[in-house]
1. For Asn184, indicate whether it is of a type outside the set (Val, Ile, Thr), farther than 22 Å from Arg92 by Cα, part of a strand (DSSP E or B) and in contact with a strand residue (DSSP E or B) (Cβ under 8 Å, 6 or more places away or on another chain).
2. Check Thr137 against each of (1) at pLDDT 95 or above; (2) out of contact with any Asp or Glu (no Cβ under 9 Å at 6 or more places or on another chain); (3) surrounded by 22 or more Cβ atoms within 10 Å (Cβ to Cβ) and name the one condition it does not meet.
3. Considering (1) surrounded by 17 or more Cβ atoms within 10 Å (Cβ to Cβ); (2) part of a loop (DSSP other than H, G, I, E, B), say which one Lys230 fails and leave the rest.
4. Looking at Asp260, Asp256 in this structure, which one is touching a Gly at 6+ places or on another chain (Cβ under 8 Å) and surrounded by fewer than 22 Cβ atoms within 10 Å (Cβ to Cβ)?
5. Can you tell me which residue within segment 338-373, out of those that are among the basic types (Lys, Arg) and at pLDDT 95 or above, is farthest from Phe268 (Cα to Cα)?
6. Of the residues in segment 48-60, how many are within 20 Å of the chain's Cα centre (by Cα) and either assigned to a strand (DSSP E or B) or over 22 Å from Leu158 (Cα atoms) (or both)?
7. Whether any residue in segment 181-201 is small (Gly, Ala, Ser) and more than 30 Å from Asp61 (Cα to Cα) is what I want to check.
8. So, in segment 313-325, how many residues would count as being over 16 Å from Ser400 (Cα atoms) and either touching a Pro at 6+ places or on another chain (Cβ under 8 Å) or among the charged types (D, E, K, R) (or both)?
Amino acid sequence: MNAFEGLPKSALLVFQPKDGKFAGGRFTDIGGTDLIPDFGGFYHDSARDKAGPNLALRDIDNDGDLDLIQSTHVLLVFSQPPTLPYSPAEYRHGIFNWRNLLAESGRFQFEKVTDNGFACEARLRYDRNVERLVPMTEARAPGLPYLFFGDVNNDGLLDALAVGGGDPFNRPATEDVGARFWYNRGGFRFEEATAKSGLVRLNQSYREWFAFFDAAPSDAIKAFNPAARKIRSQPGLTPKNPFDNRSLYSDAVFADFNNDGWLDIVVFDRLESPAIETRSFLFLNRGDGTFEPQPTTISGLNGTGICGAASDLNNDGLLDLIIAADPDNTGVASDPRRYESMVFMNAGTRGARENHWLRVRFSGVSDAQLLGASVEVREPGTNRLLGMRGIYSNQGYKSSSALEAHFGLGKIGRVNLEVRLPGGRKVKVANVAADRYLDLNLKEGTARKVEVK
C-alpha cells in the first residue's frame, strides 16, 4: 500500500486451520515477526517503512515452496518540499527478497536475502541547500513498483522484470530507470541483464520511442516551455520537456504470442497526457532469451491501458490480449476513449498460426494446492526442456489469472508433460499430442481433451 493513499501497510496473512479444519480457522499476519524479518509495517519510521502496490509469492529457487519478493518506490503527490520528520520521501525503495526455508529446514521460516544480484535497497533525503532529494548513502536502487516473472530462456527458472518509470520529480529514486531485468541463475541468485536482454529499450524517453514508431510529436509538445513549469516539491530540480521523460509503465505480460516456444513480453504505459499519445510495447523473444521491440505495424497494439492479460479467447491456439482501462487511477483522462477497455485478437501472422501449441488446465486438486505449481514440457526422446510455466493467480498488475498454462511449441508436435506441485509431488504424462486444449487430472495422472463449443 502507498503512503499517500493510507498507511504503508504490508501484510503476509497465513491461514491457520482450527483442529485441522477450515471452518473456524483464521488468518494471522506474520509481518513484523521473526518468521519474516524486516517485512511488514507501518512503523512511522522512514528507516523501516516502505511502500508499493506489488507483492509476489513465487518459487524462485524451484524447491517446492513459495518465496516472497517485494518491489517498492517513492511517490510524491504533494506540492510542498518533503521536509517533515519521517517523510514518506525517505522510505526505502528497491527490490526486497525473502527465501522460504521450509523445504530446506522442515520449518516455516523466511530468510531475508540481500546479496544475490537481485535484492537492493536505498533511501533519499531532502537536502535543503540544493532544494531537492539526494541519495542518503552510497547505496543505489531503482524505484520500480511493478514486478513480473517468466522463464524467458527455457532453463526452468523464473526470470524477473520490474517496471515503473515516469518523471523523476513525482517518482524519484537513487537509480533513475524505467525498467530492470534479471536472469535467474539458480540457487536464489540473479544476473542483472537489462542491456544484455535487449530490454534496455524500456529506459528510452518518449522522444526516442516516437522516433522508433515513426510518430510525430503533438503541437503541445513542440510548444512546451520548461521555464513555465515550477517543481514545487523539489525547487532545485530543473524542469524539462515531458517528451524527455520515460514511459510510465504499470504492467507487463509474459506470453508466447507467436507460438515459437519462447516467451515474449508486452509492456503497458499508463500515462494520461493530452500532449503524448501512448501505446503498448511488444518485445518478441529472439529465441535465446533476448528481445527485440516491434513497431506497431507488426504488433498492431495501437492502444494501451493500466493493465492487461493474455488468454486464448477463441481457443485457436493463439494468445489474445485484453487491456483494461482505468485512467482515473493515474490522473485526468486525456481522451474519453481512455475509458474504453480493449481486446486485441491474435491474427497469427508471420508464421504464428503454423506453429504448434498446447493449452493445459488442471483438475483433481484444489486451487489452493495448485498455486505455486510449475509445469514443464519436454521433447520426447531427448528430454530437452521446451518451456516452463508457473501457476499463479496474479501474473500481472490489477488482474487475476486463470490457473492454466499455454505453451508455444514451434515445430514440435508431441511433448512430455511434467507438473511439480508445491511440496514436491510430481505428475507426468508422456507423449501428449500438440494443438489441443487439455484437462490434466493431477489426482489420477490422466489427460483428456477439452471440447469447446
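The values are calculated or read from the model by the stated rules, or taken from the named source; none is laboratory data. Every value quoted in this text rests on a predicted model; they were computed, and no experiment measured them. Quick reminder, even Gly has a Cβ in these numbers, built from the backbone with ideal geometry, and neighbours come from all protein chains shown.
1. yes
2. Just one mismatch for Thr137, condition (3).
3. Unmet for Lys230, out of (1) surrounded by 17 or more Cβ atoms within 10 Å (Cβ to Cβ); (2) part of a loop (DSSP other than H, G, I, E, B): (1).
4. Exactly one of Asp260, Asp256 is touching a Gly at 6+ places or on another chain (Cβ under 8 Å) and surrounded by fewer than 22 Cβ atoms within 10 Å (Cβ to Cβ), namely Asp260.
5. My answer is Arg361.
6. The qualifying residues number 7.
7. Initial filter on segment 181-201 (small (Gly, Ala, Ser)): 186-187, 193, 195, 197-198.
So of that shortlist, the ones also more than 30 Å from Asp61 (Cα to Cα) come out as none.
Checked segment 181-201: no residue is small (Gly, Ala, Ser) and more than 30 Å from Asp61 (Cα to Cα).
8. Summing the residues that are over 16 Å from Ser400 (Cα atoms) and either touching a Pro at 6+ places or on another chain (Cβ under 8 Å) or among the charged types (D, E, K, R) (or both) in segment 313-325 gives 1.
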